[in-house]
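Read-outs: derived from the displayed coordinates by stated rules, not from any lab. These numbers come from a predicted model, not from an experiment. Please note: Cβ atoms are built from the backbone with ideal geometry, for glycine as well, and neighbour counts cover all protein chains shown.
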Amino acid sequence: MNIVIVKDYYELSIQAAQIVAAQINKIKKSVLGLPTGQTPLGMYNELIKKYEKDEIDFSQVITFNLDEYYGLSPLHPQSYHYFMWNTFFQHINIKKENVNMLNGITENIDEECQRYENIIQIRGGIDLQLLGIGENAHIGFNEPANVLKSRTHLVNLSNSTVKANSRFFNDIKEVPRQALTMGMGTIMKAKKIVLLASGKNKAPALAKTVNGLVSTRVPASLLQLHKEVTILVDEDAASRI
Ligand code: F6R
């Protein structure tokens, strides 16, 4: 694991955007795996700025989001569809047909998950996968468990994740209890992975991810087995490494 510690959230966002820009500037048709949540917001902002300054062209870029709440329509303001279009995609020149997201209101979960796996394969696999990390060390929505599913699947969210994500909803009762997520195998097949973490609340998860045993109880620790992983963290998140 390549561990890069930066001063603060601002530096983290700048460096993350630089990694993404370098990838796209090297390969215009790059396939990106993208997270939602608080952590990547700064990076998306920096990427928008780069686009506005003509420093990056998204016209051939293909994206796959990691996950989507099960039961929320793409138009729901808390859906990850809505989040991605609102905070990022609508501000850049990405083509709608190159944006791939899981359908949270699918009537056939297995078919939807298989569809996602198939397009990732057809598009040649993910070149650069960006990740956030949960306080419980989940990545995507692969929650700590005795066993993990390898491919895209429906998952029950842990109480701690529901609680953590309730900050985006009016009431915790509105937070979906299930989500569709890429599996650990889907994520681990990416050619390069960059995990972003900021803040003291992520420090325990980071320490276990980097220094601990590889365990499905700490899903992010599986990244120790990948050959091209960068852990990009600010000083607060790195404080227990
Ligand atoms: C979201 C995702 C999650 C988040 C994680 C951290 O698409 O895959 O694993 O990255 O829950 O969320 P924030 O950044 O809000 O702390």
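Of note:
- In terms of its alpha-carbon gyration tensor, the stretch 103-241 comes out oblate; a/c meets the 1.5 threshold, while b/c is at least as large as a/b.
- Computed [θ] at 222 nm, deg cm²/dmol, the chain (DSSP H ≥ 4; -39,500 (n - 2.57); rounded to nearest 500): -9000 deg cm²/dmol
- Cα-centred dipole magnitude for the chain, charges only on beta-carbon of K, R (+1) and D, E (-1), debye, nearest 20: 480
- Scaling against 2.2 N^0.38 Å puts the C-alpha radius of gyration of the stretch 14-113 at 1.09.
- Violating pairs (Cα-Cα greater than 25 angstrom) within the set Lys50/Lys189; Lys53/Lys202; Lys7/Lys49; Lys29/Lys49; Lys29/Lys96; Lys29/Lys227: Lys50/Lys189; Lys53/Lys202
- Exposure proxy ranking for Val99, Val214, Val61, Val233, based on other Cβ atoms within 10 angstrom of each Cβ and starting from the fewest, stands as Val214, Val99, Val61, Val233.
- The stretch 36-141: trypsin sites (Lys or Arg not before Pro) falling in loop per DSSP and having at most 14 other Cβ within 10 Å: Lys53, Lys95
- Spatially proximal lysines relative to Lys173 (Cα-Cα < 16 Å; intrachain offsets below 8 disregarded): Lys163
- For the stretch 191-234: rounded, prolate or oblate by the Cα gyration tensor [a/c cutoff 1.5]: oblate
- q = 0.23, 0.24 Å⁻¹: log10 I(q)/I(0) that the Debye formula gives for the stretch 155-236, counting C-alpha atoms only: -1.23, -1.25
- Normalised size of the stretch 2-234, defined as Cα radius of gyration per 2.2 N^0.38 Å with N residues, equals 0.94.
- In the stretch 1-100, the GluC sites (Glu not before Pro) that fall in loop regions by DSSP, at most 16 other Cβ within 10 Å: Glu55
- Length released on extending from Asn156 to Arg217, taking residue separation times 0.36 nm less the Cα-Cα span: 20.5 nm
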